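First comes the structure, then the notes that go with it.
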Amino acid sequence: MSVIAAKELRIIGFLCNWCSYGGADTAGVSRFKQPTDLRIIRVPCSGRVDPLFVVKALLNGADGVLVSGCHPRDCHYSDGNFYARRRLEMLKRLLPFIGIDERRFHYTWISASEGARWQQVITDFTKQIHKLGPLSTKTEVMVES
Amino acid sequence: MAQVGYLPKEKEKAFFETLSKNALVYVPCLEGDTVIFRPFSPERTLCFERSANIPPKTIIFPQSETLFSFDYKKNADDPQKTAIKLETNQEYPDVIIFGARPCDAKGFKIFDRVFMDTDTPDTYYKDRREKTVIVTISCESPSAGCFCTAVGGGPADKEGSDAIITELEKGYFIEPVTEKGKAIIKEPFIEDGSPYQKEAVERQKAANDMLKNPFSTDLTKISPSLFNSDEFWEQVVSKCISCGACTYLCPTCYCFNITDEQAVNKGERIRSWDACMFFHYTLEASGHNPRPTKFQRFKNRVGHKFVYYPEKYNGVIACCGCGRCIRYCPVSVDISEIVGYLRGSGIEPLKGPSKDGANAG
Amino acid sequence: MSLEKLKETVAKVFHEVDVVIGYKQGFDPLHATPCFITMPEQVDQLIWNPLCVQNLTSYLPFLKKKVGIVVKGCDSRTIIQYMQEGLIKRDNIVIVGLPCTGIISVKKVLHEIDNQPVESITFRDGSNVVVKTVKGQKILSLSDVCPDKCSTCQYPTPLIYDHLIGEPIKSDKPPESVYEDIREFEKKPLKERLEYWEKEFDRCIRCYACRNACPMCICQDSCIAETRDPHWMSQKLSITEKFMFHMIHAVHLAGRCVECGECERVCPMGIPVNKLKKKINLEMKELFGYEPGVNLEDKPPMYTFNVEERKIEEHKL
């Protein structure tokens, strides 16, 4: 699996547009230092995240996946993150059964004002993934970017 | 020089190891309860007792293969211009398939007419086919659902094989059929097979006698009124669940899809197996589907094998009677029973066979 | 005899519906096959014995008529699950329930008799199977050749029916045994689990028999595994794609799989696909106390939510 910069691993982040993306933005505006392994995909709501997105990412070359949304009860669409919580918890428990370390997938709730907390989460998660190392499965990544 | 060969059972592994030095040798291997063709290696458990779950057609006609790959490259001096680079890889190794069944080998002959005997042969198939030697093993007894004799085959049928083996008590009797087969018996560990010929012929005849034809072998007896009756197909195909197991496991099915898969600038053109039982089989780009129901699709399958292909190719039936479609069908749809109705077996489709289970024809 | 009573009941039910789905003898003594009865003369073809392995309820959502259907205990769970999801109307079906003491696994029987063609098969005393092949006769115990689901069956009697053939049977298997194989599997180290699945899925040929046989998979013609737009899966036959297909199938069945075992039974390559779904079911039970296909009033857990989830704790890094 090739990596872009010499020591970066591939971490995919699904961030909900209203809270978590805003939170990441706040961290950026405040000039907090963060690792650069994360590649962000903005979704309207964490409820949009199909657990299969996470599976597809892990099987196709990602070393870690992070999903973040609004805090439960504060979803911009009222109840999207309630569904997300159930689905993602189910997925987190399924991953070790197929042989993928469940620490490679993390879901959390970060609001738009929690820039410092975003920095903390992303630093800790990247450290965790680096400790686990690249994910090697018998996969073929069809197209290398 | 001996015309026939004999391989003692204790020299089996050594023989395969020697063969593997110059070619990729595929043998039927046991994985759990499944028999599947794999490249020979000493740790694998070989299994010649029954036909493999999936026929060896995937060795010459892979389930998915890249026809070519393409790469759009922007011109550095003039970004408006893109050049396209095409790459294809048709370097295929020499392959020996050991332990196919006569029905599997017959399947390759069905393919050959379509892929090779034309003005525009399919080079992907042709190149692989020409580099493959097919050594079949004759059947000792039929499996449930087998009906090769009803479609012009047999447990020791030579069509499509380069050499045919018969398992004897302490070894294998080898009969070459083509020049490629003659080369096999010149390999080390093969002894002269003439002393064993009589025993081999007896065993082949015993196997042949065990087979019963489920339908009449007279092709012209397909009843057009039944074949074109929607009601008939609805009656016999109600239980089909429209999966794809029968077509994927069939040694004579050859339909395929071609897909371009691209990500940004690079991509591949991939050929993969299609199945006439899938809904998408005849789905057109406009969204129209001439065969939206499973009854029409099943009629197409039976029609192709027993009517359209024989019409085009001098009466050759595109079915080898291996019985896999019957054995592995989730609901036991029986194509030989359906052809029996069409050929006027005298049994009414709904009322079923008589109490003693005998089938006419 | 329960077979006589079954035929009598079906003959009566036949007049209330357009078609009755039951079992009849298949292409050889070892197989039964579904029978769609549209004429009274066909009722006599019905059979009822441990050969009747198929889950006939998978036809229900696609038949737009009044249907009479013969169900075993495990099959009846599918009907309840369909009703929970609004996929069928109760008024359109007449259910003939058959209390079941176990069926055979064709693969296991063939393994015991070295894959010889079967000449005859008889069932004695409800627990013995006598199989005759050209090589002789073998007596097998039903508990040795039944599929795994029968050894841990909790619902031998259909949970919903209009007519019951015979007396209800109570399960004598402990509830903890249902997921014992999952717990055993989880004792293996992580790396071994991945290797196990990669080895099993390597044989997969993506024939979709498991998907089409699954009663809860109703999207079949529009399955995302086959769509080109969005392009979920490549046509390439790498282990990634095969793994992805099985994950799609399992995750879409989260909280819906009634463990009828059809997926594993129909796989022509002998892959234990049922395991993934059982694992998800185990989690559904632990997280939400939900068992698919048992109570009509339940709501499938992935369709709903609670504002406070007692069993889900926030994960810390």
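The set of residues in region B:121-147 that are in contact (Cβ under 8 Å) with a residue 12 or more places away in the chain, away from chain C (no Cβ under 14 Å) and farther than 29 Å from B:P195 by Cβ comprises B:T123, B:Y124, B:Y125, B:D127, B:R128, B:R129, B:K131, B:T132.
Just wondering, is there one or more residues in region B:65-73 that are touching a strand residue (DSSP E or B) at 6+ places or on another chain (Cβ under 8 Å) and not in a strand (DSSP E or B)?
Step one: list which residues in region B:65-73 are touching a strand residue (DSSP E or B) at 6+ places or on another chain (Cβ under 8 Å), which gives B:65-73.
Checking which are not in a strand (DSSP E or B) leaves us with none.
No; the residues of region B:65-73 include none that is touching a strand residue (DSSP E or B) at 6+ places or on another chain (Cβ under 8 Å) and not in a strand (DSSP E or B).
Among the helices (runs of 4 or more DSSP H) contained in region B:85-190, which hold 2 or more residues that are touching a Phe, Trp or Tyr at 6+ places or on another chain (Cβ under 6 Å) and in the same structural domain as B:K21 (by TED's automatic domain parsing)? Before you say what the answer is, go through the steps one by one.
On the way: elements: B:102-115, B:123-130, B:179-184.
Of the helices (runs of 4 or more DSSP H) lying wholly inside region B:85-190, those with at least 2 residues that are touching a Phe, Trp or Tyr at 6+ places or on another chain (Cβ under 6 Å) and in the same structural domain as B:K21 (by TED's automatic domain parsing) span B:102-115, B:123-130.
Just one of (1) within 14 Å of chain C (Cβ to nearest Cβ); (2) surrounded by fewer than 20 Cβ atoms within 10 Å (Cβ to Cβ); (3) within 30 Å of B:Q90 (Cα to Cα) trips up B:Y248, so point out which. It is condition (2) that B:Y248 fails. Only residues that are assigned to a helix (DSSP H, G or I), over 29 Å from C:L30 (Cβ atoms) and not hydrophobic (A, V, I, L, M, F, W, C): list them for region B:305-329, please. Correct list: B:Y308, B:Y309, B:P310, B:E311, B:K312.
In this structure, is B:R324 out of contact with any strand residue (DSSP E or B) (no Cβ under 8 Å at 6 or more places or on another chain), more than 22 Å from B:A105 (Cα to Cα) and within 14 Å of another protein chain (Cβ to nearest Cβ)? So B:R324 fails the test. Of the residues making up region C:93-115, just one is under 15 Å from the mean Cα position of the chain (by Cα) and among the hydroxyl-bearing types (S, T, Y), namely C:S105.
Among the numbered conditions (1) more than 23 Å from B:A163 (Cα to Cα); (2) within 14 Å of chain C (Cβ to nearest Cβ); (3) assigned to a loop (DSSP other than H, G, I, E, B); (4) touching a Phe, Trp or Tyr at 6+ places or on another chain (Cβ under 9 Å), the only one that B:N53 does not meet is (1).
Count of region C:221-247 residues, restricted to those that are facing chain B (nearest Cβ under 10 Å), out of contact with any helix residue (DSSP H, G or I) (no Cβ under 6 Å at 6 or more places or on another chain) and assigned to a helix (DSSP H, G or I), is 2. Among the criteria (1) modelled with pLDDT under 95; (2) within 14 Å of chain B (Cβ to nearest Cβ); (3) out of contact with any Pro (no Cβ under 9 Å at 6 or more places or on another chain), the one C:I69 does not fulfil is (1). Residues in region C:248-259 that are more than 7 Å from every other protein chain (Cβ to nearest Cβ), assigned to a loop (DSSP other than H, G, I, E, B) and out of contact with any Ser or Thr (no Cβ under 6 Å at 6 or more places or on another chain): C:L253, C:G255, C:R256, C:C257, C:E259.
Looking only at region C:264-291, filter to residues that are within 14 Å of chain A (Cβ to nearest Cβ) and over 18 Å from A:L91 (Cα atoms); which one of those is surrounded by the fewest Cβ atoms within 10 Å (Cβ to Cβ)? Checked region C:264-291; the qualifying residue surrounded by the fewest Cβ atoms within 10 Å (Cβ to Cβ) is C:P272.
When you scan region B:77-115, how many residues do you find that are more than 29 Å from B:C325 (Cβ to Cβ) and either within 17 Å of the chain's Cα centre (by Cα) or basic (K, R) (or both)? Qualifying residue count for the region: 2.
Within 12 Å of another protein chain (Cβ to nearest Cβ), touching a residue at least 24 places away in the same chain (Cβ under 8 Å) and out of contact with any helix residue (DSSP H, G or I) (no Cβ under 8 Å at 6 or more places or on another chain): does that describe C:P40? No; evaluated as a whole, the condition is false for this residue.
Only a single item in (1) modelled with pLDDT of 90 or more; (2) over 25 Å from B:E130 (Cα atoms); (3) away from chain C (no Cβ under 14 Å) is not met by B:K81, and it is number (1).
The values are calculated or read from the model by the stated rules, or taken from the named source; none is laboratory data. Remember, predicted model here, so these are calculated numbers, not experimental data. Reconstructed Cβ throughout: ideal geometry from the backbone, glycine too, with neighbour counts over all protein chains shown.
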